[in-house]
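Below is one structure, written out as structure tokens; comments come after it.
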Amino acid sequence: MQTNLADFIRGTPDGDTADATLRKCVHCGFCTATCPTYQLLGDELDGPRGRIYLIKQMLEGAAVTEKTQRHLDRCLTCRSCETTCPSGVEYHRLADIGRAVAAARVARPLGTRFLRFALREGLTRAWLFGPAYRLGQFFCPLLPASLKAKLLPRKKSVAAARRTHPRRMLMLAGCVQPAMAPNINAATARVLDRLGIATIEAEGAGCCGAVRLHLDDHAGARADARRNIDAWWPHLSAGAEAIVVTASGCGAHVRDYAHLLAHDPAYAAKAARVTLLARDIAEVLAGEQAALAALLRKSVPATRRKVAFHSPCSLQHGMRVRGAVESLLQAAGFELTPVADAHLCCGSAGTYSVLQPELSLKLRDNKLACLSAGAPAAVASANIGCIAHLQSGTSTPVSHWIELLDQRLES
């Protein structure tokens, strides 16, 4: 695709990224076949190819309208189109640039601006979100149905293993997961402890920055990345092997730190190293298969339990981790039920379920229909947002798959 970028963005880092991305697109339209919003709405402008044209027009100086912004806002940034694209178009980078330009040109309604501000500033601060979430759980019976649906049942936090081992890995705590599902990282620590790997949640690390980036606060996202790198760097310098991430949405974003800080002379090299060391817990355990198999042989054989696995978009399309979780669960004795359209998004997509509730609920219900078709006893996923979103629409228990594996090893 030929481009002629306008002066306001030509020659800037975002302009160079956009230009390179646009030039890769060959208009083939394969991406529309796997785009969740195009499947729902049937509008070319609600698919990747149409949105690419909209962004191209903006960056070449065309007027930006509320309609342009609406079509860009409807994008889930699920990156399914990137998996499908034969030309290697990194659409998510272009979408982030396009939405930021649209946000600077088109003023959103006051209520929308306030909601986006509350999400950007509230979700990203664990010290603020945690107490607010627990308060919501306490008063859950008094809340309206729309808010009740956002709350997971209260779960007792189980202490994580903290034994010393020669092998050490950092683990991202994140911003919302410690309050919503504190057992996920605890279960991860216990599983790794059994394998002789100690986990460290570095003091000073916090939100990965994905929420800010997708709400058009690119400077804030870079600041979050720098803060995390500063917190992790002493441990990496002291021999920590990896940065383990248990929320794949965070993992996909941390893997983008090298791009995010590529033009920061003080952090570019460190960010590149962090990108290389960021691992989803499935990737870590896939590299420990022999030791894990030995642990499973020592535990009591489990009754085969039917589980439906929902692979988050951030895991399969963002991190490109496919099949690893399924193999680990099967090795642990779980029976995985078939899931149709497994490549499609569940509708959670970070803050999307709040900002685009109608589309989000349609996608959720479609996903739950596919997950429940095999009558599973449980649903597993790999991202806290997906877990909470899916649980809001079903009575079947939904949890992180690492919790299932932890329970299996305890038997």
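Could you state the accessible area per residue of the chain in Å², with a 1.4 Å probe and every protein chain left in place? Walk me through the numbers before you get to the answer.
Details: 17590 Å² over 411 residues.
Accessible area per residue: 43 Å².
Taking segment 325-411, how much of its Cα-Cα pair set, in percent, is spaced more than 21 angstrom apart?
Details: 1083 of 3741 pairs.
More than 21 Å apart: 29 percent of the Cα pairs in segment 325-411.
Need one number: nm distance between label points at S146 and H263, each 7 Å from Cα along Cα→Cβ, rounded to one decimal.
3.9 nm
Expressed as cubic angstrom per residue, what is the convex hull volume of the alpha carbon set of segment 1-156? Present the calculation step by step, with values, prior to reporting the outcome.
Values: hull volume 24.6 nm³, N = 156.
In segment 1-156, the Cα hull volume divided by residue count equals 158 Å³.
No other cysteine beta carbon under 4.7 Å away is the test; run it over the chain and list who passes.
If one checks each Cβ against the other cysteines of the chain, C25, C28, C35, C75, C85, C140, C346, C370, C386 turn up with nothing under 4.7 Å.
Taking all pairs of different Cα atoms in segment 114-184, averaging 1/r and flipping that mean, what Kirkwood radius in angstroms comes out?
On the way: mean 1/r = 0.0709 Å⁻¹.
Answer for segment 114-184: a Kirkwood hydrodynamic radius of 14.1 Å.
Using Cα-Cα distances under 8 Å and only pairs 6 or more residues apart, what relative contact order does segment 253-325 have, in percent? The partial results should precede the final answer.
Values: 34 pairs, mean separation 19.3, N = 73.
In percent, rounded to a whole number, it is 26.
From Cα coordinates alone, what are the radius of gyration and Dmax values for segment 4-91 in angstrom?
Expressed in Å, the Cα Rg and Dmax of segment 4-91 come to 12.8, 37.
Can you pull the Kirkwood radius for segment 41-118, inverse mean 1/r over Cα pairs, to one decimal in Å?
Numbers: mean 1/r = 0.0760 Å⁻¹.
The answer is 13.2 Å.
Relative contact order for the chain using alpha-carbon pairs under 8 Å, separation at least 6, rounded to a whole percent?
Averaging sequence separation for qualifying contacts and normalising by length gives 14 percent for the chain.
Of the heavy-atom accessible surface of the chain (probe 1.4 angstrom), what whole percent is carbon and sulfur? Provide the component values of the computation, followed by the final result.
Working: 10010 of 17590 Å².
Roughly 57 percent, rounded to a whole number.
Take each uninterrupted DSSP H stretch in the chain, measure its Cα extent along the helix axis, and return the ones at 20 Å or beyond whose mean Kyte-Doolittle hydropathy is at least -0.5. It would help to have the intermediate numbers written out before the result.
Details: long enough: 91-105 (21 Å, -0.03); 218-237 (28 Å, -0.89); 357-372 (22 Å, -0.17).
Sorted by number, the helices that extend far enough and score high enough are 91-105, 357-372.
Could you compute how fast segment 222-318 diffuses translationally, taking Rh as the Kirkwood radius over C-alpha pairs and applying Stokes-Einstein at 25 °C with viscosity 0.890 mPa s? Give it in µm² per second.
Answer, rounded: 159 µm²/s.
Take the cross-link list K306/K362; K24/K67; K24/K367 and give me the ones stretching past 27 Å between alpha-carbons. Working shown, then result.
On the way: K306/K362 25 Å; K24/K67 25 Å; K24/K367 31 Å.
In this structure, K24/K367 exceed 27 Å between Cα atoms.
Which number comes out as Rg/Rh for the chain once both Rg and the Kirkwood Rh are worked out on C-alpha atoms? It would help to have the intermediate numbers written out before the result.
Working: Rg = 21.1 Å, Rh = 22.0 Å.
Over the Cα atoms of the chain, Rg/Rh equals 0.96.
Cα gyration tensor of segment 283-368, axes a ≥ b ≥ c as square roots of the eigenvalues: rounded (a/c below 1.5), prolate (a/b > b/c) or oblate?
Verdict is prolate for segment 283-368.
How do 387-397, 289-299, 116-126 rank on mean C-beta neighbours within 10 Å, highest first? Spell out each step's value before the answer.
Working: 387-397: 18.6, 289-299: 12.7, 116-126: 16.9.
In decreasing order of mean packing, 387-397, 289-299, 116-126 become 387-397, 116-126, 289-299.
Pairs of alpha-carbon atoms within less than 8 angstrom and 6+ residues apart define the contacts here; what relative contact order does segment 173-235 have, in percent? Before the final figure, lay out the partial values.
Values: 50 pairs, mean separation 19.0, N = 63.
Normalised by residue count, the contact order of segment 173-235 is 30 percent.
On a C-alpha basis, how far is the centre of segment 205-280 from the centre of segment 330-397 in Å? Whole number, if you could?
About 27 Å separates the Cα centre of segment 205-280 from the one of segment 330-397.
With only alpha-carbon atoms in the gyration tensor, what are the semi-axes of the equivalent ellipsoid for segment 141-267, in Å, largest first? Write down the numbers at each step before the final one.
Numbers: eigenvalues 135, 115, 18 Å².
Semi-axis lengths for segment 141-267 are 26, 24, 10 Å.
The values are calculated or read from the model by the stated rules, or taken from the named source; none is laboratory data. Computed from a predicted structure; not experimentally measured. Backbone-built Cβ (ideal geometry, glycine too); neighbour counts: all protein chains shown. Accessible surface is based on the protein model in full, side chains and every heavy atom, while ligands, DNA and RNA are left aside. Shrake-Rupley method; radii C 1.70, N 1.55, O 1.52, S 1.80 Å.
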